Amino acid sequence: SMLAGQAFANSPVAAVHALAYPIGGSFHVPHGLSNALVLPHVLRFNAPDASHLYAAIACDAFPHLASEEGTQGRCAAFIEELASLSKKLRMQTRLREVNIGEEHLPKMAANAMKQQRLLVNNPRPVEEADALAIYRAAW
């Protein structure tokens, strides 16, 4: 927790956490899992504006990605590695697997928009329709 707090102080959280809050707050899903459920989908959403950032850190997290050619390829591989990490750890990977019904997604998207202090840090602006699309991808 201390290390996470230090990291947040130097690198603010953004849309992943904003979209995780309604999952945990309404459905009592642990915060780490809530984040993991939306992480790859938010990264895919952000990729058009942040692929260079994701590509830059890809090899730090997954050294074998150094062989990936180009920014777009490395970014995509990074996102897929993160998504597959949850599967490898036998975590739930879909919102429906934590008993969130599809009918709840619009309200969750509206609630995520209340986290503007987090959303302003996101590399790409997130509108309510975007949040809903991300939740649908995660469902």
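The values are calculated or read from the model by the stated rules, or taken from the named source; none is laboratory data. Just so it is clear, the structure is predicted and the values come from calculations on it, not from any experiment. Neighbour counts are summed over all protein chains in view; Cβ atoms, including those assigned to glycine, are modelled from backbone coordinates with ideal geometry. Heavy atoms of the whole protein, side chains included, go into the accessibility calculation; ligands, DNA and RNA do not. Shrake-Rupley method; radii C 1.70, N 1.55, O 1.52, S 1.80 Å.
Remark: pairs (first residue in region 11-23, of a type in the set (Ser, Thr, Tyr); second residue part of a helix (DSSP H, G or I) and open to solvent by less than 30 Å² (accessible area, probe 1.4 Å); Cβ separation under 7 Å; 6+ apart in sequence or on different chains) = Tyr21/Ala112. Within region 40-58, the only residue that satisfies the criterion of being touching a helix residue (DSSP H, G or I) at 6+ places or on another chain (Cβ under 7 Å), open to solvent by 30 Å² or more (accessible area, probe 1.4 Å) and without any contact (Cβ under 8 Å) to a residue 40 or more places away in the chain is His52. For region 44-71, filtering for residues that are under 18 Å from the mean Cα position of the chain (by Cα) and either aromatic (Phe, Trp, Tyr) or over 23 Å from Ser1 (Cα atoms) (or both) leaves 15.
Regarding Val42, is this residue out of contact with any Leu (no Cβ under 6 Å at 6 or more places or on another chain) and part of a loop (DSSP other than H, G, I, E, B)? So Val42 fails the test. Among the residues making up region 109-139, those that are of a type in the set (S, T, N, Q) and within 13 Å of Asn46 (Cα to Cα) are Asn121, Asn122. Per the listing Met113, Met108, the residue uniquely over 26 Å from Ala9 (Cα atoms) and modelled with pLDDT of 95 or more is Met108. Only residues that are touching a residue at least 60 places away in the same chain (Cβ under 8 Å), more than 12 Å from the chain's Cα centre (by Cα) and open to solvent by less than 30 Å² (accessible area, probe 1.4 Å) were counted in region 24-39, giving 1.
Checking the stated criteria, Glu68 turns out to be surrounded by 15 or more Cβ atoms within 10 Å (Cβ to Cβ), of a type outside the set (Lys, Arg), modelled with pLDDT under 95 and more than 24 Å from Ala129 (Cα to Cα).
When Phe45 is tested against (1) touching an Asp or Glu at 6+ places or on another chain (Cβ under 9 Å); (2) of a type in the set (A, V, I, L, M, F, W, C); (3) over 20 Å from Leu119 (Cβ atoms), just one condition goes unmet, and that condition is (3).
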